[in-house]
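The numbers here are math on the coordinates, done by the rules we state, and not lab data. Just so we're clear, the structure is a prediction, and the values are computed from it rather than from any experiment. Note that we place each Cβ from the backbone using ideal geometry, even for glycine, and neighbour counts take in every protein chain shown.
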Amino acid sequence: MAKKITSRSEDYSKWYNDIVVDADLAQHSDVKGCMVIKPYGYAIWERMKDVLDKKFKETGHMNAYFPLLIPKSYFSKEAAHVEGFAKECAVVTHYRLMNDPNGGGVIVDPDAKLEEELIIRPTSETIIWNTYRKWIQSYRDLPLLINQWANVVRWEMRTRLFLRTTEFLWQEGHTAHATKTEAQEETSRMLEVYADFAEGWMAMPVIKGNKTESERFAGALDTLCIEARMQDGKALQAGTSHFLGQNFARAFDVKFATKEGGQELVWATSWGVSTRLMGALVMTHSDDAGLVLPPKLAPIEVVIVPIYKGQDQMDEIVSKCREIESQLRDAGIRVKLDADDSKRSGWKFAEYELKGVPLRLAIGPRDLEKGSCELARRDTRTKSFESLENIATHVRTLLDTIQNDLLSTAQTRLKENTVTVDTWAEFKAAIKAEKFVMAHWDGTSKTEDWISQDTKASIRCLPFDTEITPGICVKTGNPSPRRVLFAKAY
RNA sequence: CGGGGCGUGGCCCAGCCCGGUUAAGGCGCCUGGUUUGGGACCAGGAGAUCGCAGGUUCGAAUCCUGCCGCCCCGACCA
């Protein structure tokens, strides 16, 4: 029977869950707030990782790995940082279990209490900076450009598959520099890497900008972000890059000898993206028939489905399909031939649509006769017939077209749903209509809070790529140096 | 932490109010056959300590008490 996905208009949130589960990306685990990323979902994450990892290497970074467990005392060293994370840390207090003497199974051994409790990392700044102190002696050791792929745990009250889970996978870059300027440049450089990735691979347009003070990372002097707009109109922070100043260097006493022989504190950055990008990907392109994946990240770019009656025809058509499969594979296309005889073609069509495979190539007896095939695009759900001559070239071109079309569709949607307003009434109406809203703001946290309590919308960022002209605050009427981006957010 | 929902073969779930054969159905799985251009059909088959622990009763999936777990909606956050 058909797997029926809830439509977006009926219940957006259910639609999202249906896609994640039915497209085989992930499922809830038995542990509250934690998910199992299934092979198909993980394959997409691996694509993301591969591309990003390459970009990190190209910008001079190397990977390393730091411990999952962090001594509790490290957290107290940077005041703002503790403040930000204390509320959501899982704590390890014991190191041994024992059989319950009363027969109740296994219990924590009360004699195995840790002298110093350990925190499961919610992020690794503290342990990394504690390590960097030992690594950095001289200006010759700088810049230190390290990235780590890891899991982290943040004890959130409410979770959603990929968007916010108790444990998630991510990458965290941590760099140390001799000068403020260099560190700031690094912060911007990595934000550009993220923006490139979002647009170039995920086909997801993003707005780059600075966070306001209240939305800043705990311990940062400046947080840059990319914000994307989901189909329900909510903003999703897809990546962040932080300029940490000398806060962590000071907290962990990381100094270097300058050329002139002095001792100075190093300048720091950190930046990260997480499996949350999976959620962003789903909510950017997918439709009521299921997942839609951009070719560049799709584990399978093309699925070949043979159509036949009887064993003889099957043999003939499947062997033709194998030929095409190897042609496509030789052209560097990720292709899967599904010759499973126990599933009918109609079942396969539906299945691969649900799973977001960008292109389906079907060959039946009529095609074989004509030397053609049927190509069906997942994004537009349109079909065309192509000659089997130069099929790899056709397919390559079509995949590129799909990739570009997904981006431009998303760009158009973003543009059409971003509005500029000048009055409070317009502002409220626009937010209610789930728009991205460019409006003047007087720059105070007080007004920011006030607006967000009133409308549920927050300042997503102070966008870079926009004209900076003064005006008056949409809420208070006080002078405003520039417009900022408001939206409801995930 | 508040409000709601749910827990029954691998999955979706009926049954519970009003206790009483062998716990129903669909999907999936296995065997055989017919099929195959948009989620096929027929026949046969396997698979369940009804979330856990007590209690009431001749008898509990069903009633009572306690516990556990998950999901959804809100307050906090990537």
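A few remarks follow.
- Of A:Lys54/A:Lys77; A:Lys87/A:Lys456; A:Lys234/A:Lys355, pairs whose Cα-Cα distance is over 31 Å: A:Lys54/A:Lys77
- Volume per residue of the C-alpha convex hull in region A:167-236, rounded to whole Å³: 130
- Between region A:327-342 and region A:296-311, the alpha-carbon center distance in angstrom: 6
- Of every Cα-Cα pair in region A:342-485, the percent that sits beyond 22 Å: 58
- Taking trypsin sites (Lys or Arg not before Pro) across region A:127-163, the ones in a DSSP loop with at most 13 further Cβ atoms lying within 10 angstrom of their Cβ are A:Arg158.
- For region A:461-470, 3J(HN,Hα) computed residue by residue from phi via the Karplus equation (6.51, -1.76, 1.60; θ = phi - 60°) reads 5, 9, x, 6, 8, 7, 5, 9, 10, x Hz, glycine and proline entered as x.
- Span per principal axis, largest first, for the Cα atoms of region A:418-487 (Å): 26, 24, 18
- Between helix A:180-200 and chain A: long-axis angle, C-alpha atoms, 0 to 90°, nearest 10: 20
- Convex hull volume per residue in cubic angstrom - Cα atoms of chain A: 194
- With both labels modelled 7 Å from their Cα along Cα-to-Cβ, the A:Ala112 to A:Met314 distance reads 5.5 nm.
- The trypsin sites (Lys or Arg not before Pro) of region A:241-279 that meet both conditions, a loop assignment by DSSP and at most 14 other Cβ atoms within 10 Å of the site Cβ, are A:Lys259.
- For chain A, averaging the sequence separation of C-alpha pairs within contact (under 8 Å, six or more residues apart) and dividing by the residue count gives a relative contact order of 13 percent.
- Along region A:86-99 the Karplus relation, 6.51 cos²θ - 1.76 cosθ + 1.60 evaluated at θ = phi - 60°, assigns HN-Hα couplings of 3, 6, 10, 9, 8, 10, 9, 10, 9, 10, 7, 10, 8, 6 Hz to successive residues, with x for each Gly and Pro.
- Rounded to the nearest 10 degrees, the angle from helix A:125-135 to the longest Cα principal axis of chain A is 70 degrees.
- Gain upon complete extension [A:Glu156, A:Ser214; 0.36 nm per residue less C-alpha separation]: 19.0 nm
- Dipole orientation for chain A: of the candidates A:Ala195, A:Asn99, A:Thr420, A:Thr420 has the Cα lying most toward the positive pole (charges on Cβ; Lys, Arg +1; Asp, Glu -1).
- Span from the region A:396-459 Cα centroid across to the region A:104-141 one, whole angstrom: 40
- Normalised by 2.2 N^0.38 Å, with N the number of residues, the alpha-carbon radius of gyration of region A:1-60 equals 1.49.
- Dipole size of chain A about its Cα centre, with +1 on Lys/Arg Cβ and -1 on Asp/Glu Cβ: approximately 500 debye, rounded to the nearest 20.
- Summarising the label geometry, the points placed 7 Å from Cα in the beta-carbon direction at A:Asn478 and A:Ala257 lie 5.0 nm from one another.
- Alpha-carbon centroid distance for the pair region A:45-77 / region A:180-209, whole angstrom: 17
- All Cα pairs of region A:39-285, percent lying beyond 28 Å: 37
- A Förster radius of 45 Å, combined with the Cβ-Cβ distance separating A:Asp53 from A:Thr423, puts the computed FRET efficiency at roughly 0.45.
- Net charge in the neighbourhood of A:Asp442 (other residues with Cβ under 13 Å of its Cβ; Lys, Arg +1, Asp, Glu -1) is +2.
- Under 23 Å of direct C-alpha separation, and excluding same-chain neighbours fewer than eight residues apart, A:Lys320 reaches these lysines: A:Lys309, A:Lys336, A:Lys343, A:Lys348, A:Lys370, A:Lys383.
- Percentage relative contact order, region A:418-487, counting C-alpha pairs under 8 Å, at least six apart: 39
- Computed from Cα atoms alone, the Kirkwood hydrodynamic radius reported for region A:80-218 is 18.7 Å.
- Hz values of 3J(HN,Hα) by residue in region A:482-490 - Karplus curve (6.51, -1.76, 1.60), Gly and Pro given as x: 6, 7, 10, 9, 10, 6, 6, 9, 6
- For region A:39-285, the relative contact order comes to 21 percent (Cα pairs under 8 Å, sequence separation of at least 6).
- Rounded tilt (10° steps) of A:39-58 against the dominant C-alpha axis of chain A: 60
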